[in-house]
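First up is the structure itself, then whatever we jot down about it.
A short reminder: the numbers here are calculations on the coordinates, not readings from a lab. This structure is a prediction, so every number in the text was calculated from the model and none was measured. Virtual Cβ from ideal backbone geometry, glycine too; neighbours counted across all protein chains shown.
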Amino acid sequence: MRIVYMGTPDFSVPALKALVEAGHDVVAVVTQPDKPKGRGKEIQMTPVKEQALEFHIPVYQPVKARDPEFVKILSDLAPDVMVVAAFGQLLPKSILDIPKYGCVNIHASLLPKYRGASPIQHAVINGEKESGITTMMMAEGLDTGDMLDQEILALNPKETGGSLHDRLSEVGGTLILKTLKKLEEGTAVRTPQDDTKSSYVGMIKKSMGDIDWSMEAQAIERLVRGLNPWPSAYTSWNNKVIKIWEASVVDKEYEGVYGQVVEAGRDRLVVKTGKGGLSICELQLQGKKRMDVGAFLRGYSIAEGTVFERSV
């Protein structure tokens, strides 16, 4: 099929590769404008742009895809279908109506649950047992179009936002091929979403990682995994930020205040929470490297009774 592909972050790369390697004619890639990143503020290409250039595919980077001049460019490309994966802009009807087979979105949740920008992280944070990929026909609303195909993945007990992201992005690459084959053959089944079962999850903000120690230990442990690798869950100690990369739940109630260190040993650091304790397994002090709790405690003394605090 003649395809225009629209995507921006790492998540979008496997599907682009799958389309090209399957022999589809990807005539153009549309991605967000390059932005300055890092301390040096060097302009950095989006991951999808880097992959497109490797394939020698023309790349377009409109500030606003809905601008009439760019809509005309897309129309002139005459795609059979547009495939969209985490592009980062809502598409107007003027674009959705261009392709013969419409615009198909690769979404990282089992719709209608978790519409919006952060379905992967919230699946982990909320303790879901499974997640998956949904391909759907795009409509003018945010992730509201008819569903085409779904593939379900069971979450691992130690699943992180990062590990689930990587697994789902690969599934997106295989599922879109299945969906496009059905569209071309006329066998695709469109299933309307049940809006009463939908939920919306917005952009992840760094402040979400600031641990509220009055939460239950189980909820904090899921937060640690869901926000790994970014922005990570963190707390404050001696006016410095400590990122917590891995933790486990201690099913025991402790005396003291929320955030208080209630067990401190050679390789054990347990913090009192709203319910149970949180045993910190891997952490990172501001300006230092990640290390397991044993290595950390050999370099820094944290006594029982120490209280970790909110960073705000």
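Which FRET efficiency, nearest 0.05, do Val241 and Asn156 yield, Cβ-Cβ r, R0 30 Å?
My answer for the efficiency is 0.60.
Using r as the Cβ-Cβ distance of Glu216 and Ala78, and R0 as 51 Å, what FRET efficiency do you calculate, to the nearest 0.05?
0.40
So, in nm, how far is label Glu309 from label Asp25 when the simple model puts each one 7 Å beyond its Cα toward the Cβ?
For Glu309 paired with Asp25, the spin-label model returns 6.5 nm.
Which far-off residues, 5 or more places away or on another chain, put their amide H under 5 Å from the one on Val30, with H placed in the peptide plane?
Amide H neighbours of Val30, under 5 Å, 5+ apart: Tyr5, Met6, Gly7, Tyr60.
In the set [x] -0.76, -1.58; [y] -0.75, -1.20; [z] -0.74, -1.39, which value of log10 I(q)/I(0) by the Debye sum over Cα atoms at q = 0.11, 0.16 Å⁻¹ was calculated from the structure you see?
Correct label is [y].
Once the Cα atoms of helix 217-226 and of the chain are each reduced to a long axis, what angle between those two axes, in degrees from 0 to 90 to the nearest 10, is obtained?
Value to nearest ten degrees: 40.
For Glu54 and Asp10, compute 0.36 nm times the residue count separating them, minus their Cα-Cα distance, and round to one decimal in nm.
Gain on stretching Glu54 to Asp10: 14.4 nm.
Divide the volume of the convex hull of the Cα atoms of the range 1-116 by its number of residues and quote the answer in cubic angstrom per residue.
116 Å³
Using only Cα atoms, tell me the angle between helix 161-185 and the longest principal axis of the chain; keep it within 0 to 90° and round to the nearest 10.
20 degrees
Mind listing the phi-derived Karplus ³J(HN,Hα) values for the range 83-90, rounded to whole Hz, using 6.51, -1.76 and 1.60 with θ = phi - 60°, and x for any glycine or proline?
With the stated coefficients, the range 83-90 comes to 10, 10, 9, 6, 5, x, 9, 6 Hz.
In a GNM of the chain with a 10 Å cut-off on Cα contacts, which of Met203, Met82, Met291 has the highest mean-square fluctuation?
Met203
Give a residue-ordered list of calculated ³J(HN,Hα) values for the range 54-69 (Karplus: 6.51 cos²θ - 1.76 cosθ + 1.60, θ = phi - 60°; whole Hz; x for Gly, Pro).
3J(HN,Hα) across the range 54-69, in whole Hz: 4, 8, 6, 9, x, 10, 10, 9, x, 5, 10, 5, 6, 4, x, 5.
Take each of the peptides 292-298, 63-69, 259-265, average the number of other beta-carbon atoms within 10 Å over its residues, and list them starting from the highest.
Most protected by this proxy first, the peptides run 259-265, 292-298, 63-69.
Quick one: which of 113-124, 28-39 comes out on top by average Cβ neighbours within 10 Å, and what's the full order, highest first? Each step should come with its number before you reach the end.
Values: 113-124: 22.5, 28-39: 15.2.
Ranking the peptides 113-124, 28-39 by packing returns 113-124, 28-39.
In terms of modelled amide H atoms, which long-range or inter-chain residues lie less than 5 Å from the amide H of Val201?
Arg115, Gly116, Ala117, Ser118
Output the antiparallel fraction of DSSP beta bridges having both residues in the range 14-165, as a percent to the nearest 5. Display every interim value, and only then the final one.
Working: 14 of 19 bridges.
Restricted to the range 14-165, the bridges split so that about 75 percent are antiparallel.
Beta carbons within 10 angstrom, averaged per residue: use that to sort the peptides 150-156, 226-232, highest first.
Top to bottom by mean Cβ count within 10 Å: 226-232, 150-156.
Name the residue from Ala28, Val189, Ala78 whose Cα lies farthest towards the positive end of the charge dipole of the range 2-201, charges +1 on Cβ of Lys and Arg and -1 on Cβ of Asp and Glu.
Ala28
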